[in-house]
1. Distance in nm between label sites at residue 199 and residue 154, each 7 Å beyond Cα in the beta-carbon direction?
2. Along the Cα→Cβ direction, 7 angstrom out, place labels at residue 31 and residue 55. What is the inter-label distance in nm?
3. Ranked by Cβ crowding within 10 angstrom, fewest neighbours first, how are 172, 14 ordered?
4. Sorted from largest down, give the three principal axis spans of the alpha carbons of the stretch 124-163, whole angstrom values.
5. What is the packing order of peptides 161-171, 112-122, taking the mean over residues of other C-beta atoms within 10 Å and listing the highest first?
6. Taking Cα atoms of the stretch 78-193, Rg/Rh with Kirkwood Rh, to two decimals?
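Every read-out reported here was derived from the displayed coordinates using simple, explicitly stated rules and does not represent laboratory data. Computed from a prediction, not measured in an experiment: that's the story for all the values here. Here Cβ is always computed from backbone atoms with ideal geometry, including for glycine, and neighbour counts include all displayed protein chains.
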């Protein structure tokens, strides 16, 4: 009887040990798999970090090579600076308009931006109402006056019973404060030539 009990106990202990060994093997295998996944994630993170650093270097190089609108040089007359760089600081645009179901344009709004340090006395424009076939149905002259420095001004143009789109043409810009009188017939002259002064002066201008 004791011998049978001993054998049964031994068998149970053997089964328990085998179960523990199998459980330990499964645990080790799961741990190894977790370690491998963690290692793979760390490698991916390092690769992404290296790629991010490389992209940042490329962006920095592009920023260094990209031409930018520089601030007015201290030694250059401020009025002259804005005259020779005026396309960067004075803009005209069609802000919005509505079209009818069968054509026609309503509530066209024109905007003039003055980002210089000087007031603009007057901006003259021509607004063309264009038909579906590309022909100009109507041309309306517009004038925007007294645009303060670093501001924008809008103007509502007339409605038109025909037309599906608009074209805006700049005709002239006048700023006595800047000594700047640009007209469309000077459009082919590079701004850097500074050929659009209202009154030519042989003496240096003061800021």
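1. Computed distance between label sites residue 199 and residue 154 equals 3.7 nm.
2. Roughly 3.8 nm, to one decimal.
3. The most exposed by this proxy come first: 14, 172.
4. Sorted from largest, the Cα extents of the stretch 124-163 read 40, 15, 14 Å.
5. Descending packing order for the listed peptides: 112-122, 161-171.
6. Looking at the stretch 78-193, the ratio lands at 1.03.
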